[in-house]
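In what follows, a structure is listed as structure tokens, so that the remarks can point back to it.
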Amino acid sequence: MFTHLDENQQPRMVDISQKVAGDRRAVAQCIVQLPKAIKDYLTGQEIVLKKGPVIQTAIIAGTMAVKKTADLIPFCHTLPIHGCKFDVKIVDQGQDYLEIILQCAVNTNYKTGVEMEALCGVSVAALAIYDMCKSISSEIIIKNTQLIEKTGGKADIKQTPLYGLVLTGGKSKRMGKDKALINYQGQPHGQYIYDLLSKYCEQVFLSARPGQWQGTALENLPTLVDEGESVGPMSGILTALQSYPQVNWLIIACDLVYINSTMVEKLIAHARQDLVATCYENADQGFPEALCGIYTPLALKLFTKAKHIGLHCPVKILQMADYQLIKPDNLLDIANVNSPEDYVQIN
Ligand SMILES: Nc1nc2c(ncn2[C@@H]2O[C@H](COP(=O)(O)OP(=O)(O)OP(=O)(O)O)[C@@H](O)[C@H]2O)c(=O)[nH]1
Ligand SMILES: [Mg+2]
């Protein structure tokens, strides 16, 4: 276990001697807002002042800072910087200010990540811009410093595109009417989940049986139709994995009535690329909520095998492989509503 406190409760640097080295990359971004007076000094994507070229200076300052990170931040490890690249965009949208969007990408092959280096790089580049421009005006705001990408280590989920799948292909026999059309949040729930996933995914599809949504409120949403016989949610999952085998799939059943942004963000933040899936834990029974999780390309082989051996239950399929469970903040978050009795209970 890694910890920042030693046995005497004193701070210490985490010991990473046992960690395995690997390629790691991080990208940080920050925005520098400059007053419109600066526009007079703009030449293309450079700001040329008597003091010198602002953007070039910022990039040099930022690159030097990346290499100095371990000297500045107490518990950062000294690590080899294998690459450091700045991307700078000057955005003039006709307002009375300009924005400079700074991005700093750092890579290494080491035992720990380079997000602090990337953040340190953009921060110091922004300060260099401030220093260069302050004689013209001090109306300068440095804002939105954040990490926008981190890959390598155990959290490289963002390297692979994320697609969304709303499972709607069931017959809703217990409910007696289509669960994806029930209105819980002001619109048919299939549409609600589709819109929610669209905030995080490059593409989102409904998963359905052929012709299922024709003539309904969901008919215009992109849909992946089960290939072959529909034998339950695994048919929809397998179809998605086969249709786009190179992406990660965020898969949500249409009867999860409380699914929300916080839950999706938590899944994305914790998902592991080296496992078949990351799912919420059904705390009652300790099994994975297989229909509320992120599946990696590793899942294709597993689900194909399950089909061959006639195994249909997604929970049992996951249990044949390595997956990760994360705890929901609230047990109710993963409740699914299957019957009129369930429906009454939640209302
Ligand atoms: N694509 C696809 N999705 C399915 C299939 N069967 C169930 N699902 C979806 O998987 C999720 C969980 O399924 P269930 O809770 O059993 O829903 P259901 O099969 O509609 O409900 P019952 O008919 O009452 O068992 C729901 O979002 C369903 O829409 C299927 O054959 N194909
Ligand atoms: Mg259900």
Tell me, please, whether a residue that is within 28 Å of Ile148 (Cβ to Cβ), among the aliphatic types (A, V, I, L, M) and in contact with a helix residue (DSSP H, G or I) (Cβ under 9 Å, 6 or more places away or on another chain) can be found in region 5-13. no
Restrict the check to region 175-194 and report whether at least one residue is within 17 Å of Lys266 (Cα to Cα) and either open to solvent by 20 Å² or more (accessible area, probe 1.4 Å) or within 14 Å of ligand 1 (Cβ to nearest atom) (or both). yes
Given the residues Gly152, Gly94, which is the only one that is buried (at least 19 other Cβ atoms within 10 Å of the Cβ) and at positive phi? Gly152
Tell me the helices (runs of 4 or more DSSP H) entirely within region 227-321 that contain at least 1 residues that are in contact (Cβ under 8 Å) with a residue 12 or more places away in the chain and within 14 Å of ligand 1 (Cβ to nearest atom). 233-243, 299-308, 314-318
Scan region 97-113 for residues that are open to solvent by 10 Å² or more (accessible area, probe 1.4 Å) and among the β-branched types (Val, Ile, Thr) and jot them down. Ile101, Thr112
Strands (runs of 3 or more DSSP E) (entirely within region 98-208) containing at least 3 residues that are more than 21 Å from Asn336 (Cα to Cα): 141-151
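Residue-by-condition table, conditions (1) farther than 25 Å from Ala180 by Cα; (2) assigned by TED's automatic domain parsing to the domain that holds Gly190; (3) surrounded by 18 or more Cβ atoms within 10 Å (Cβ to Cβ):
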{"position": "Ser243", "(1), (2), (3)": "no, yes, no"}
{"position": "Gln246", "(1), (2), (3)": "yes, yes, no"}
{"position": "Val257", "(1), (2), (3)": "no, yes, yes"}
{"position": "Thr262", "(1), (2), (3)": "no, yes, no"}
{"position": "Gln273", "(1), (2), (3)": "yes, yes, yes"}
{"position": "Pro288", "(1), (2), (3)": "no, yes, yes"}
{"position": "Leu302", "(1), (2), (3)": "yes, yes, yes"}
{"position": "Ala321", "(1), (2), (3)": "yes, yes, no"}
{"position": "Asp329", "(1), (2), (3)": "no, yes, no"}
One residue is enough: does region 264-275 have a residue meeting the conditions touching a His at 6+ places or on another chain (Cβ under 7 Å) and either modelled with pLDDT of 90 or more or more than 17 Å from Asp322 (Cα to Cα) (or both)? no
For Ile129, state whether it is away from ligand 2 (no atom under 16 Å from the Cβ), open to solvent by less than 20 Å² (accessible area, probe 1.4 Å), of a type in the set (Val, Ile, Thr) and modelled with pLDDT under 95. no
Filtered residues of region 331-343 (kept if over 18 Å from Leu267 (Cβ atoms) and open to solvent by less than 50 Å² (accessible area, probe 1.4 Å)): Val337, Asn338, Ser339, Asp342
Name the single residue that is farthest from the chain's Cα centre (by Cα) among those in region 162-198 being within 14 Å of ligand 2 (Cβ to nearest atom) and hydrophobic (A, V, I, L, M, F, W, C). Met175
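The values are calculated or read from the model by the stated rules, or taken from the named source; none is laboratory data. Please read all numbers here as calculations on a predicted model, not as lab measurements. With ideal geometry, Cβ positions are generated from the backbone for all residues, glycine too; neighbour counts draw on all protein chains shown. The protein model used for the area step is the full one, side chains on, heavy atoms only, and it has no ligands, DNA or RNA in it. Shrake-Rupley method; radii C 1.70, N 1.55, O 1.52, S 1.80 Å.
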